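In what follows, a single structure is set out as structure tokens and then discussed.
The values are calculated or read from the model by the stated rules, or taken from the named source; none is laboratory data. On a predicted model such as this, the values are computed, not experimentally measured, just so you know. Cβ placement follows ideal geometry from the backbone for every residue including glycine, while neighbour counts extend to all protein chains displayed.
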Amino acid sequence: MHHFNYIDNELFCENVPVNTIAKKIGTPFYLYSHATLTRHFSIFEQAFEGVDRLVCFSGKANSSLAILKIFADLGGGLDIVSGGELFRGLKAGFTPQKIVYSGVGKRIDEIDAALSNGILMFNVESLEELELIDQRAKESGTTASVALRVNPNVDPKTHPYISTGLRKNKFGIDMETALEGYRAASRLQHIRMIGIDCHIGSQITEARPFQDALDSLKELVHQLQHMDIHIRYLDMGGGLGITYDDEKPPLPSEYARAIVESMGDLPLTLILEPGRVIVGNAGILVTRVLYRKPGPDKEFIIVDAGMNDLIRPTLYSAYHAIKPVELSGGATIRADVVGPICESGDFLALDRELADVVKGDLLAVMSAGAYGFVMSSNYCSRLRVPEVMAMGDTFEVIRTRQTYDDLIAGESVPEFLKEER
């Protein structure tokens, strides 16, 4: 459920007309519903009621400070994959002891920052990374709390670019190497091995892959117990999908039931890293029709948002519903919705049946709250768009639109190009 609804044929975010925002700040822009964000996080967290757990929002899905602050205020934790996300998380108010650090390529400076802030644990993805964290912990006079990310070789049945749990993927350590890793960690002076971690992919629409992964992890936990290695945390990652088109992913309650039943009597604290399922349907991208362009083979609706603003359709062939901000009549057209960028891959929808909009009309690209703004860029020197949050009958810009001065901030012309020749 989300809080984007039509009232008298006009699209509202909570109690705010989308058109009102567009008139004030221009287009394109991202728009988030505060009520949807809080509701989704609370429903997910409550689905695991009675289980010792920590829900760590996956910051890579949407790292806006305002959105992160909502989840920090609700008592959640944060899953990070970079030093920048650590910086953002701390600025947003997350307790370091509720932050877990994932990712395959942690730099020395990022490891040092996480150690100095005393995060809950590192999810380690290779034996070389484990050795480096031990060295950096020794250098700083600390002990690093660590979980090994184990690759259970489970097919999540999702897009190959967001599948992370197969042997051929770059993520994690295979089950056999994991045992070697835990043995090695037990001999390291500045490593405290406290957990086991896995993450099998994103936009997963059935519970079975999670259960299969957990079955593999349980076997590894029992092997570790026989080796007198006792861990405290089981990090199941994230990956639960949402409805973009006709997908029917399990509800958080169904997902939780499958996880808890599969856990059985494992005496471990469960860590969960939801991202898309919390923010995906809590945001939209609002864009304006610039032109209608008929062609011999198809019709084009050219809008002012492009692949630099929302790259998912181009990158993953992802589907986003596209709705008119104002309903009129009911006539439809079959067309491609394309942006202004000089790439044939610059589209938001292909061969889609849509409302018969005209120049100047507003369109809402739905389910854009996850992997939307965070993956945007300045390609073609386009300005990154603003982000807006609505709460009840009010709204506020939570990130301003870039200016042309912002676009070249930090750049300079070297002296040797200024010399007269």
Practice task
Quick one: in the range 10-30, of everything that is outside any helix (DSSP H, G or I) and charged (D, E, K, R), which residue is nearest to THR269 (Cα to Cα)?
Solution key: GLU14
Completion exercise
Expected single match for within 21 Å of ALA370 (Cα to Cα) and surrounded by fewer than 15 Cβ atoms within 10 Å (Cβ to Cβ) among SER328, SER317, SER344 is SER317
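Among residues belonging to the range 193-219 that are in a strand (DSSP E or B) and more than 22 Å from the chain's Cα centre (by Cα), point out the one that is surrounded by the fewest Cβ atoms within 10 Å (Cβ to Cβ).
ILE194
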Handout entry: Residues (among the hydroxyl-bearing types (Ser, Thr, Tyr) and crowded, with 19+ Cβ neighbours inside 10 Å) located in the range 245-291
Key = TYR255, THR287
Completion exercise
Within the range 31-88, the count of residues that are more than 14 Å from the chain's Cα centre (by Cα), of a type in the set (Gly, Ala, Ser) and in a helix (DSSP H, G or I) comes to 7
Completion exercise
Across (1) surrounded by fewer than 17 Cβ atoms within 10 Å (Cβ to Cβ); (2) at positive phi, GLY237 clears everything bar (1)
Fill in the blank from the handout: GLY280 vs (1) in contact with a helix residue (DSSP H, G or I) (Cβ under 9 Å, 6 or more places away or on another chain); (2) without any contact (Cβ under 8 Å) to a residue 12 or more places away in the chain: all pass except (2)
Practice task
Considering each residue of the range 132-178, count those that are modelled with pLDDT of 80 or more, of a type outside the set (S, T, N, Q) and within 30 Å of THR314 (Cβ to Cβ), and give that number.
Solution key: 1
Problem - Number of the exception - TYR30 against (1) touching a helix residue (DSSP H, G or I) at 6+ places or on another chain (Cβ under 7 Å); (2) surrounded by fewer than 22 Cβ atoms within 10 Å (Cβ to Cβ); (3) more than 20 Å from ILE119 (Cα to Cα) - result: (2)
Problem - Counted residues, the range 121-149 - those being in a helix (DSSP H, G or I), within 29 Å of LYS218 (Cβ to Cβ) and either among the hydroxyl-bearing types (Ser, Thr, Tyr) or outside the structural domain of SER82 (by TED's automatic domain parsing) (or both) - result: 0
Practice task
Output the residues belonging to the range 300-326 that are farther than 29 Å from GLY201 by Cβ and either modelled with pLDDT under 95 or touching a Gly at 6+ places or on another chain (Cβ under 8 Å) (or both).
Solution key: ILE302, VAL303, ASP304
Handout entry: the range 135-152 residues that are over 30 Å from LEU214 (Cα atoms), paired with ones that are not in a helix (DSSP H, G or I) and not hydrophobic (A, V, I, L, M, F, W, C) (beta carbon under 6 Å, 6 or more apart)
Key = ALA137/THR143; ALA137/HIS190; LYS138/HIS190
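Yes/no per residue for (1) modelled with pLDDT under 95; (2) assigned to a strand (DSSP E or B); (3) on the phi < 0 side of the Ramachandran plot; (4) not assigned by TED's automatic domain parsing to the domain that holds ASP309:
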{"position": "ARG384", "(1), (2), (3), (4)": "no, no, yes, no"}
{"position": "MET389", "(1), (2), (3), (4)": "no, yes, yes, no"}
{"position": "GLU396", "(1), (2), (3), (4)": "no, yes, yes, no"}
{"position": "ARG401", "(1), (2), (3), (4)": "no, no, yes, no"}
{"position": "GLU420", "(1), (2), (3), (4)": "yes, no, yes, yes"}
